[in-house]
């Protein structure tokens with residue numbers, strides 16, 4: 001690990017200038033500061049404050065995920081993270097971000113400049129620049145629902161969908177359903193692919209036919225139901241499982257629009273168990289993601305990475321919750 | 001959660017007798033004590049001492065795994081666990097065990113009787129009695145390389161073999177190997193099956209043929225090499241990957257016994273990176289399990305489960321380590 005003196009020698013400038021650059025003093029130019037920070041990152045410099053075990057400063061980058069109201073997916077994740085961080089006396093900064101931040105600055109430089117010893121990234125569509133940088137970063141970083149291979153400083157926290165999906169399929173099978181459709185989220189998301197595999201595996205475990213016409217990728221918005229529900233129904237589906245509660249609300253709307261009823265004609269199952277799930281009419285059967293625990297686990301993982309415990313993944317259990325949107329298949 | 005008074009009422013005995021039973025006093029019969037403990041477990045009683053956040057008493061059950069010398073697989077797992085537990089001021093008891101304990105007493109009763117708030121089970125061949133009890137236990141429990149579904153009080157810690165196996169196959173492919181054999185551990189072990197899948201997937205990613213004659217389950221002892229190495233060689237294998245370093249030492253011995261050399265004729269790769277791996281002649285290329293970190297992660301997981309964070313799995317990264325037992329394929 002480099003010292004301030006080594007950075008100064010490397011750049012051919014005074015130790016005091018390096019120190020000013022690292023501490024954000026105003027009496028050096030922005031260019032010099034950037035040069036110092038870039039060199040510090042390249043040389044693996046970590047400020048003294050960051051090295052100290054207590055009083056850690058960490059940040060949560062949020063992109064493409066709603067979190068400001070208690071009804072939204074990100075809310076409990078962030079409050080869970082904050083609570084668990086508070087137990088450790090960490091200072092947490094929430095940073096709403098977008099692709100611009102990812103392309104405007106190197107990840108490590110951003111973290112060093114702002115004194116963050118660790119980061120938690122949620123809701124991200126990773127820009128290829130940051131993916132590349134995350135492959136090489138030495139800043140302890142936790143990703144929600146994203147995975148970076150071969151870097152000991154990065155961990156992934158998420159929900160192990162398999163159990164929840166298995167239990168949901170079992171529930172439908174017990175109600176007599178044989179043609180179960182699955183309306184998934186975006187195809188290019190790692191979790192969508194995991195859920196697709198869990199769905200197929202569960203069908204096979206109950207000796208149900210795997211029918212490609214009953215599995216579609218959509219997006220994590222209600223509107224995608226319009227395009228796929230008609231095809232599902234034409235192909236004989238009596239139940240539709242969805243990759244989110246929001247998608248499920250869209251499915252219920254579309255089923256009703258076609259003069260059919262949930263659950264009498266079509267059973268519907270959501271995913272996430274957002275507060276809206278229980279408030280829907282009919283109340284939505286769903287697969288619960290423990291969002292507060294996801295946030296807490298991110299802190300456990302970050303704590304591990306900061307003490308050089310190279311955890312790759314922490315996965316939480318998903319639990320099937322039966323409500324009113326699933327019923328006995330129509331004979 | 002039941003109180004002492006409720007247990008007394010339920011059993012129709014005095015509160016003081018229940019109290020004696022729970023606290024291990026000598027002036028009641030062993031039968032009465034067992035009756036009190038069984039009722040306490042059934043009724044979900046937890047002693048006050050166990051409820052207190054600090055000063056937790058936890059235990060590590062070790063079965064079928066060597067751990068007493070630094071050369072052995074379990075040693076670093078247990079010391080890692082102890083170190084991380086010490087940071088939390090937990091009291092740790094190591095309990096070497098065997099199937100007798102599993103059949104002689106209910107898990108929850110054993111834990112309550114001994115005042116353990118949490119357990120870590122390593123090296124286990126789970127007896128069906130304990131598997132059944134673990135499905136229902138409410139005692140926070142972490143399993144190494146074992147998984148119990150649908151119970152929020154149980155978590156699994158292990159190594160995600162995929163990356164390490166992928167990198168090892170890649171290394172062999174770069175050395176020109178096309179016929180790579182895999183000598184796995186016991187067939188009825190969950191991790192053996194995971195590694196088999198990772199091996200097959202890695203072969204496919206490098207467009208290598210998946211040949212059943214080059215994949216065998218054995219046992220985690222060197223001796224199993226005798227039965228499978230001949231078949232591998234007859235079927236053209238130029239490299240043999242093994243599910244443990246111990247198996248790999250057996251493979252090297254068997255290769256030599258047949259007048260062939262490692263790595264000139266056959267490349268060999270182990271798994272675990274036990275201290276013996278580096279000391280072998282030739283030094284063994286292997287896939288490292290971070291055993292100390294596995295122990296530390298078990299504490300993180302147990303801490304999570306104790307604060308009602310329903311973590312299902314913590315997986316660590318496995319890293320391929322190149323030494324002298326792998327070489328360019330003979331042309």
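The values are calculated or read from the model by the stated rules, or taken from the named source; none is laboratory data. Predicted model, so just to flag it, every value in this text is computed and none were measured. Cβ atoms come from the backbone with ideal geometry, glycine included; neighbour counts cover every protein chain shown.
Observations on the structure shown:
- All positions within segment A:125-154 that are within 14 Å of chain B (Cβ to nearest Cβ), assigned to a loop (DSSP other than H, G, I, E, B) and surrounded by fewer than 17 Cβ atoms within 10 Å (Cβ to Cβ): A:147, A:149, A:150, A:151
- Screening residue B:246 against (1) at pLDDT below 95; (2) more than 26 Å from residue B:216 (Cβ to Cβ) leaves a single unmet condition, (2).
- Some residue of segment B:225-238 being modelled with pLDDT of 95 or more, assigned to a strand (DSSP E or B) and assigned by TED's automatic domain parsing to the domain that holds residue B:166: no
- Residue among B:70, B:78, B:94, B:28 that alone is under 25 Å from residue A:306 (Cβ atoms) and at pLDDT 85 or above: B:78
- Residue in segment B:280-293 that is in contact with a helix residue (DSSP H, G or I) (Cβ under 7 Å, 6 or more places away or on another chain) and facing another protein chain (nearest Cβ under 8 Å) present: yes
- Qualifying residue in segment A:102-118 (condition: within 14 Å of another protein chain (Cβ to nearest Cβ) and touching a strand residue (DSSP E or B) at 6+ places or on another chain (Cβ under 8 Å)): no
- Breaking point among (1) over 25 Å from residue B:294 (Cα atoms); (2) away from chain B (no Cβ under 11 Å); (3) touching a residue at least 40 places away in the same chain (Cβ under 8 Å), for residue A:249: (3)
- Residue check, residue A:122 buried (at least 20 other Cβ atoms within 10 Å of the Cβ) and in contact with a strand residue (DSSP E or B) (Cβ under 8 Å, 6 or more places away or on another chain): yes
- Yes/no for residue B:202 being touching a helix residue (DSSP H, G or I) at 6+ places or on another chain (Cβ under 9 Å) and within 14 Å of chain A (Cβ to nearest Cβ): yes
- Residues located in segment B:295-320, provided they are crowded, with 23+ Cβ neighbours inside 10 Å, more than 7 Å from every other protein chain (Cβ to nearest Cβ) and under 18 Å from residue B:59 (Cα atoms): B:295, B:298, B:299, B:301, B:302
- Answer residue from segment A:279-295, given it is out of contact with any strand residue (DSSP E or B) (no Cβ under 9 Å at 6 or more places or on another chain) and in contact (Cβ under 8 Å) with a residue 40 or more places away in the chain and is nearest to residue A:83 (Cα to Cα) among those: A:292
- Candidates are the residues of segment A:155-182 that are under 19 Å from the mean Cα position of the chain (by Cα) and part of a strand (DSSP E or B); the one that is surrounded by the fewest Cβ atoms within 10 Å (Cβ to Cβ) is A:160.
- Note on segment A:268-278: among residues that are more than 14 Å from chain B (Cβ to nearest Cβ) and in contact with a strand residue (DSSP E or B) (Cβ under 6 Å, 6 or more places away or on another chain), the one that is nearest to residue A:191 (Cα to Cα) is A:271.
Yes or no, residue by residue, for (1) more than 30 Å from residue B:210 (Cβ to Cβ); (2) free of Cβ contacts under 8 Å to residues at least 40 places away in the same chain:
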| residue | (1), (2) |
| --- | --- |
| B:122 | yes, no |
| B:127 | yes, yes |
| B:131 | yes, yes |
| B:143 | yes, yes |
| B:146 | no, no |
| B:155 | yes, no |
| B:158 | no, no |
| B:197 | no, yes |
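To keep it simple, each residue is scored yes or no on (1) under 21 Å from the mean Cα position of the chain (by Cα); (2) surrounded by 16 or more Cβ atoms within 10 Å (Cβ to Cβ); (3) assigned to a loop (DSSP other than H, G, I, E, B).
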| site | (1), (2), (3) |
| --- | --- |
| A:7 | no, yes, no |
| A:26 | no, no, yes |
| A:44 | no, no, yes |
| A:71 | yes, no, yes |
| A:74 | yes, yes, no |
| A:89 | no, no, yes |
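- Residues satisfying the stated conditions in segment B:321-331, i.e. more than 23 Å from residue A:305 (Cα to Cα) and either at the interface with chain A (Cβ under 9 Å from one of its Cβ atoms) or touching a strand residue (DSSP E or B) at 6+ places or on another chain (Cβ under 8 Å) (or both): B:322, B:323, B:324, B:325, B:326, B:327, B:329
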